[in-house]
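A.B. asks: The structure that follows is given in the form of structure tokens.
The values are calculated or read from the model by the stated rules, or taken from the named source; none is laboratory data. Treat the numbers as computed from the prediction; the structure is a model and nothing was measured. Virtual Cβ from ideal backbone geometry, glycine too; neighbours counted across all protein chains shown. Only protein heavy atoms, including side chains, enter the accessible area calculation; ligands, DNA and RNA are left aside. Shrake-Rupley method; radii C 1.70, N 1.55, O 1.52, S 1.80 Å.
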Amino acid sequence: MHRQLHARRISRRELLKVSAAASAASLLVACFPQATPSASPGASGTPQTAGKYALGKLGGPEVITDASKFPKTFKEAPELAALVQQGKLPPVADRIGQDPIVLKPLEGIGKYGGTLRKALFGGVTAELTAYKFGVGPSSLFYWDPTRTKVVPNLALGYEESADGKTLTVHLRRGLRWNDGEPFTADDIMFWFEDIYQNKQLYTPGTSTDLLIAGKPVAIEKVDQYTVRYVSPERNSLMIQRLASPLSDVGGNTFRVARGGYQPKHYLMKFHPKYAAGGQAAVDKMATDAKFNGWVPFFQDRVTWQNNPDYPLMSPWKVTVPMNNPTQFVMERNPYSPWVDTDGNQLPYIGKLQYTAADNLEVVATRAVAGEYDFQENILGVDKLPVLIDGQTRGGYKVYLDPEQGAIGIMINLAYEDDPEIGEWYRNVDFRRALSLGIDRSQINETFFLGTGILSSSAPSDDNLYFPGKEWRTKWATLDIAQANQLLDKIGLTQKDSDGYRLRKDGKGRLRLAFTGVARLGVDGAQLGEMVKQHWQKIGIQLDVDNVASALAQQRIAANQTQMVLNAVATEDVYLFTGTLTPGGGGFSAIIGVPYGQWLTSGGKQGKEPFPALKQAMDLLEKGKTQSDPERTETAKELFRQHIDNVFTIGIVSADLNQGVRIAKTTLGNVPARIVNSNLAQSPVNASPQTFYFK
């Protein structure tokens, strides 16, 4: 049954407010370094400006891999040294193991002490805000500050077989969870055998991170500190998956039952395979804790941010859980495996204190008042004028980190509730006409203060897979005449008295529906109203429905939503694919829920995609088994096909909507710019454990 969406009309006052936002950029001229607007990268390939605003230099600490440069003696925070003296902690050298992670700080050696204050706002956003700062990262490998090279993290190193099918990973010796228990290969095998392969705990069944050419990847234990990842086909991407916290094998926090390893010594007592008393015992524990079964009880124990007893491999440990109504606190982990080049155990800062905020206006107000020492992610570009103007008063500096992807409109290519509308969405010339009918310049100035680059669904110029400058504007420039010609060409020639095009089935005006969700720092409903005005000029009626995020995701999962504002490009074709082809989750799933089901089930469920989309999906699978440089060229071709077919409608790339960051001027080792990466879960890539108060 077709679900009727209710159009939302924005008042004239709201529209004037939105239109005035663009002029607010003029307030920044005297307060922030200016640069000649340019979409061109600098000599290093990295863009140097965001609109009129100059960007800082990319930077971050260096992971030292030469053992001859490792420190020979180690020091620790005074409070930990006192516990050692009291016999309550082992010496620092025994806590960090034989192979600590050695970081050379960005600016220099810091000093111990202090509490770093941050904001905590809303649901998953709150979890992400905490996860993206306090976890270290917690992956076996990680990325260098430019996100071009994989470097060791919890793992010491790896070897890849000549055929690309076997990756042997060596763990650092002597690492410990924050409760002092050893971290070993058993923690990886426990996750793989007892969580991932347990269909009650891992409900997706299989992860694309452990599939290659549709076949599963196996994990084998070699010894206490060595594991093998064995693939049935060449799988050169495996090491990159292990370095990406967003992947299902890139760290034990963030998502329940995922992450590549889990603390066996802690979780086995909640698992029926290991618990004394078996299934009956864990069922009783669940009942006593008021859970409906052992599975939700187990999942609750794995929810790192709400369970202080859950061990972490991170610089800080949870002491006040996130479900506390007023604050979330993490404190120095005595077993943190990171040290600086002088042998000082990291982190320098002893406590992270997140204070709950009711809304983003409160966050901005508190920032200007100097109540936060560091804040990122939730400071949208709309807050940039007030944040820059308040730098002196708040004692902080504003940093800008453009995203590598793009923002735009995702279309449900599998929409079926209204058969005629669904067929138009699957018509390439219809999608091209919609894209040509958008005034990107007006949207950029109004919602992004001119800081974005007008764009198709292409990534940033410095991205490894950038397909070429000509693809930046392919089907992505305002051309009302060509848009109207395309719509006439496909048969939408009949119009009503108001100039709107009529349906082919004779049921009146052709009406599209846009779900306006406030996300990515943008009021989606207001942006939708602006697009509605644009499409009126090509005879397309757009109805805007203002919907809460949770309801929107429910409708997307049920294949009932037509269009939504979302990230439309990707920083990495192979590791973060959901915005290019079906198979992603959350808002990205809208591109085609039944197509994604068809892909992950090997054609047993869902619906086979139409030929052009299936060709793109096949290209992605082909690239996964290739080695460089073939894999890189395949990714560029996938972008070209995606852009030419307008599977999504790009609006701006390299935007700042999750790239506005502030840090107190008293905070040291803060990079002037970081790679704003979903895969790297920025700003973890700034290595906050090296921050210190001067």
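A.B. asks: Could you run through region 606-636 and say how many residues are of a type outside the set (Asp, Glu) and either assigned to a helix (DSSP H, G or I) or within 23 Å of the chain's Cα centre (by Cα) (or both)?
C.D. replies: Residues in region 606-636 being of a type outside the set (Asp, Glu) and either assigned to a helix (DSSP H, G or I) or within 23 Å of the chain's Cα centre (by Cα) (or both): 17 in total.
A.B. asks: Here's a follow-up. Could you go through region 381-392 and let me know if any residue there is in contact with a Gly (Cβ under 7 Å, 6 or more places away or on another chain), closer than 30 Å to Ala54 by Cα and either of a type in the set (Lys, Arg) or in contact (Cβ under 8 Å) with a residue 24 or more places away in the chain (or both). Don't jump to the end; show me each part of the working.
C.D. replies: First pass over region 381-392, keeping only residues in contact with a Gly (Cβ under 7 Å, 6 or more places away or on another chain): 381-382.
Filter once more, keeping what is closer than 30 Å to Ala54 by Cα: 381-382.
Add one more test, that the residue is either of a type in the set (Lys, Arg) or in contact (Cβ under 8 Å) with a residue 24 or more places away in the chain (or both), and what stays is 381-382.
Yes.
A.B. asks: Here's something else I'd like to know. Report yes if Asn559 is of a type outside the set (Val, Ile, Thr) and either assigned to a helix (DSSP H, G or I) or in contact with an Asp or Glu (Cβ under 9 Å, 6 or more places away or on another chain) (or both), otherwise no.
C.D. replies: Taking the combined requirement at face value, the residue satisfies it.
A.B. asks: Now for a different question. Any idea which of (1) surrounded by fewer than 16 Cβ atoms within 10 Å (Cβ to Cβ); (2) at pLDDT 95 or above is the one Thr148 doesn't satisfy?
C.D. replies: (2)
A.B. asks: Is it the case, given these coordinates, that Ile649 is crowded, with 23+ Cβ neighbours inside 10 Å and part of a strand (DSSP E or B)? I'd like the intermediate steps shown before the answer.
C.D. replies: Details: crowded, with 23+ Cβ neighbours inside 10 Å: yes; part of a strand (DSSP E or B): yes.
Against the criterion (crowded, with 23+ Cβ neighbours inside 10 Å and part of a strand (DSSP E or B)), Ile649 qualifies.
A.B. asks: Further question: Only one residue in Val217, Val169, Val151 is of a type in the set (Val, Ile, Thr) and within 21 Å of Leu346 (Cβ to Cβ), so which one is that? I'd like the intermediate steps shown before the answer.
C.D. replies: Numbers: Val217 fails: within 21 Å of Leu346 (Cβ to Cβ); Val169 fails: within 21 Å of Leu346 (Cβ to Cβ).
Residue meeting the stated conditions: Val151.
A.B. asks: Still on this structure: State whether one or more residues within region 628-635 are acidic (Asp, Glu) and either closer than 23 Å to Pro245 by Cα or crowded, with 24+ Cβ neighbours inside 10 Å (or both).
C.D. replies: Yes - at least one qualifying residue is present in region 628-635.
A.B. asks: Moving to a separate point now. Where in region 369-442 are the helices (runs of 4 or more DSSP H), entirely inside, with at least 2 residues that are within 28 Å of Gln327 (Cα to Cα) and open to solvent by 10 Å² or more (accessible area, probe 1.4 Å)?
C.D. replies: 384-389, 391-394
A.B. asks: Just give me the residues in region 566-578 being surrounded by fewer than 24 Cβ atoms within 10 Å (Cβ to Cβ) and either of a type in the set (Ser, Thr, Tyr) or without any contact (Cβ under 8 Å) to a residue 60 or more places away in the chain (or both), in sequence order.
C.D. replies: Tyr574, Thr577, Gly578
A.B. asks: Same structure again: Report the residue count in region 473-487 for those that are hydrophobic (A, V, I, L, M, F, W, C), open to solvent by 30 Å² or more (accessible area, probe 1.4 Å), assigned to a loop (DSSP other than H, G, I, E, B) and on the phi < 0 side of the Ramachandran plot.
C.D. replies: Residues meeting the conditions: 1.
A.B. asks: Please tell me if Met285 is under 20 Å from Leu210 (Cα atoms), at pLDDT 95 or above and surrounded by 17 or more Cβ atoms within 10 Å (Cβ to Cβ).
C.D. replies: No.
A.B. asks: Condition first: open to solvent by 20 Å² or more (accessible area, probe 1.4 Å) and within 30 Å of Val675 (Cα to Cα). Can you find one or more residues in region 455-462 that meet it?
C.D. replies: Yes: region 455-462 contains one or more residues that are open to solvent by 20 Å² or more (accessible area, probe 1.4 Å) and within 30 Å of Val675 (Cα to Cα).
A.B. asks: Also: Going residue by residue through region 549-561, is there one that turns out to be touching a Gly at 6+ places or on another chain (Cβ under 6 Å) and crowded, with 20+ Cβ neighbours inside 10 Å?
C.D. replies: First, the residues of region 549-561 that are touching a Gly at 6+ places or on another chain (Cβ under 6 Å): none.
No: region 549-561 contains no residue that is touching a Gly at 6+ places or on another chain (Cβ under 6 Å) and crowded, with 20+ Cβ neighbours inside 10 Å.
A.B. asks: Cβ contacts < 6 Å: first residue under 18 Å from Leu128 (Cβ atoms), restricted to region 333-361; second residue among the aliphatic types (A, V, I, L, M) and assigned to a loop (DSSP other than H, G, I, E, B), any location; separation 6+ or different chain. Result?
C.D. replies: none
A.B. asks: Can I ask one more? Where the second residue is part of a helix (DSSP H, G or I) and of a type in the set (D, E, K, R) and the first is over 30 Å from Pro347 (Cα atoms) and open to solvent by less than 60 Å² (accessible area, probe 1.4 Å) and lies in region 178-206, which pairs have Cβ atoms under 9 Å and are six or more apart or on separate chains?
C.D. replies: Every condition considered, the pairs that remain are Asp194/Lys264; Leu201/Asp194.
For every residue, the table says whether it meets (1) modelled with pLDDT under 95; (2) open to solvent by 60 Å² or more (accessible area, probe 1.4 Å); (3) under 24 Å from Trp316 (Cβ atoms).
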{"residue": "Val217", "(1), (2), (3)": "no, no, no"}
{"residue": "Glu220", "(1), (2), (3)": "no, yes, no"}
{"residue": "Gln224", "(1), (2), (3)": "no, yes, no"}
{"residue": "Val227", "(1), (2), (3)": "no, no, no"}
{"residue": "Ser244", "(1), (2), (3)": "yes, no, yes"}
{"residue": "Asn252", "(1), (2), (3)": "yes, no, yes"}
{"residue": "Lys269", "(1), (2), (3)": "no, yes, no"}
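A.B. asks: Out of region 305-327, which residues are among the hydrophobic types (A, V, I, L, M, F, W, C) and closer than 14 Å to Gly136 by Cα?
C.D. replies: Leu312, Met313, Trp316, Val318
A.B. asks: Just for region 508-547: of the residues that are touching a residue at least 24 places away in the same chain (Cβ under 8 Å), surrounded by fewer than 20 Cβ atoms within 10 Å (Cβ to Cβ) and in a loop (DSSP other than H, G, I, E, B), which one is farthest from the chain's Cα centre (by Cα)?
C.D. replies: Lys537
A.B. asks: Name the residue that is farthest from Thr303 (Cα to Cα), counting only residues in region 315-334 that are polar (S, T, N, Q) and outside any loop (DSSP other than H, G, I, E, B).
C.D. replies: Gln327
A.B. asks: Filter region 577-605 for residues that are part of a loop (DSSP other than H, G, I, E, B), at pLDDT below 95 and more than 18 Å from Pro216 (Cα to Cα) and give the result.
C.D. replies: If the condition is that a residue be part of a loop (DSSP other than H, G, I, E, B), at pLDDT below 95 and more than 18 Å from Pro216 (Cα to Cα), then Thr577, Gly578, Thr579, Leu580, Thr581, Pro582, Gly584, Gly585, Gln605 are the ones that fit.
A.B. asks: For region 158-177, how many residues are touching a residue at least 12 places away in the same chain (Cβ under 8 Å), more than 25 Å from Val295 (Cβ to Cβ) and either assigned to a loop (DSSP other than H, G, I, E, B) or among the aromatic types (Phe, Trp, Tyr) (or both)? Spell out how you get there, then give the answer.
C.D. replies: Going residue by residue through region 158-177, those that are touching a residue at least 12 places away in the same chain (Cβ under 8 Å) are 158, 160, 163-177.
Remaining after also requiring more than 25 Å from Val295 (Cβ to Cβ): 158, 160, 163-176.
Cutting the leftovers down to either assigned to a loop (DSSP other than H, G, I, E, B) or among the aromatic types (Phe, Trp, Tyr) (or both) gives us 158, 163-165, 172-175.
Residues meeting the conditions: 8.
A.B. asks: Picking from Gln681, Gln658, which residue would you name as being assigned to a loop (DSSP other than H, G, I, E, B), at negative phi, of a type in the set (S, T, N, Q) and crowded, with 20+ Cβ neighbours inside 10 Å?
C.D. replies: Gln658
A.B. asks: Which of (1) within 26 Å of the chain's Cα centre (by Cα); (2) of a type in the set (S, T, N, Q); (3) in a loop (DSSP other than H, G, I, E, B) does Gln200 not meet, given it meets every other one?
C.D. replies: The failed condition is (1).
A.B. asks: Shifting gears a bit: Does Phe466 satisfy the criteria of being part of a helix (DSSP H, G or I) and among the aromatic types (Phe, Trp, Tyr)?
C.D. replies: no
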